[in-house]
Amino acid sequence: MPATRPATRSTNNIHIGCTASDPLGILAGCTGIDVDASDLPPGTNTFRTTATDRADNTRMASTSFTVEVTYASLCTLTQRWVAKDGVTHSLCSKLDGAERADARGNHNASAGIRAAYRHQLDAQAGRSVTRQHADTLENLSRQL
């Protein structure tokens, strides 16, 4: 009865639609999701839905998708949550530098630059970024 449609890929948003059909046309419906990717843990996530018809017959369907943290996605989220352009630019520059260091195979330098990113976020918490958003960004940076 229900079928989940593939996740729509976006840096910030996960949308999974749900369609269901019933040969008798008495379907009550099913529900998809539209969620901010930053509200989900990195890694594999599973979405389950149930379709119910008017006679209370139900069917379930599920799909799995992966939430991945990348330097670009973390910069995009930083730009969305940090209120001051100069701070945002500095933080994204750090992420860019860490990514370039990783690309050169210099993982120690990348780790140090990511630590500087977290330190700056911590210093800006409650000023240009909320403490909750700073904590989320810091935790996501550890996934890189």
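Within the chain, DSSP assigns beta bridges of which about 95% are antiparallel (rounded to the nearest 5). Each residue of the range 64-73 was assigned a 3J(HN,Hα) from its phi angle through the Karplus expression (A = 6.51, B = -1.76, C = 1.60, θ = phi - 60°), giving 10, 8, 10, 9, 10, 8, 10, 4, 5, 5 Hz with x at Gly and Pro. Where the centre of each part is set by its Cα atoms, how far does the range 92-129 sit from the range 40-56, in angstrom? What the calculation gives is 36 Å, centre to centre. Along Cα→Cβ, 7 Å out, is where each label goes; now give me the distance between the ones at residue 31 and residue 127 in nm to one decimal. Going from the residue 31 label point to the residue 127 one covers 4.2 nm.
Label separation (residue 119 vs residue 139): 2.4 nm, computed from points 7 Å beyond Cα along the C-beta direction.
Find which of 137, 15, 112 sits farthest along the positive direction of the dipole of the chain, computed with +1 on the beta-carbon of Lys and Arg, -1 on that of Asp and Glu, about the Cα centre. Checking the options against the dipole of the chain, the answer is 112.
When the solvent-accessible area of the range 22-144 is split by element, carbon and sulfur atoms take up 46 percent of it, the probe being 1.4 Å. Helix 85-103 and the longest principal axis of the C-alpha atoms of the chain enclose an angle of approximately 90°. Net length available on complete extension from residue 111 to residue 13 is 32.5 nm, with 0.36 nm assigned per residue and the Cα-Cα distance removed.
Summed over the residues of the range 11-88 and divided among them, the accessible surface reaches 57 Å² per residue at a probe radius of 1.4 Å. Which angle from 0 to 90°, rounded to the nearest 10, does the C-alpha axis of helix 107-124 make with the longest principal axis of the chain? Tilt of helix 107-124: around 80 degrees.
The residue 46 and residue 21 beta-carbon pair, evaluated with R₀ = 22 Å, returns a calculated FRET efficiency of approximately 0.45.
The values are calculated or read from the model by the stated rules, or taken from the named source; none is laboratory data. The shown structure was predicted, so the numbers you read here are calculated from the model rather than taken from an experiment. When we count neighbours, we look across all protein chains shown, and the Cβ atoms used for this are built from the backbone with ideal geometry, even at glycine. Accessible surface is based on the protein model in full, side chains and every heavy atom, while ligands, DNA and RNA are left aside. Shrake-Rupley method; radii C 1.70, N 1.55, O 1.52, S 1.80 Å.
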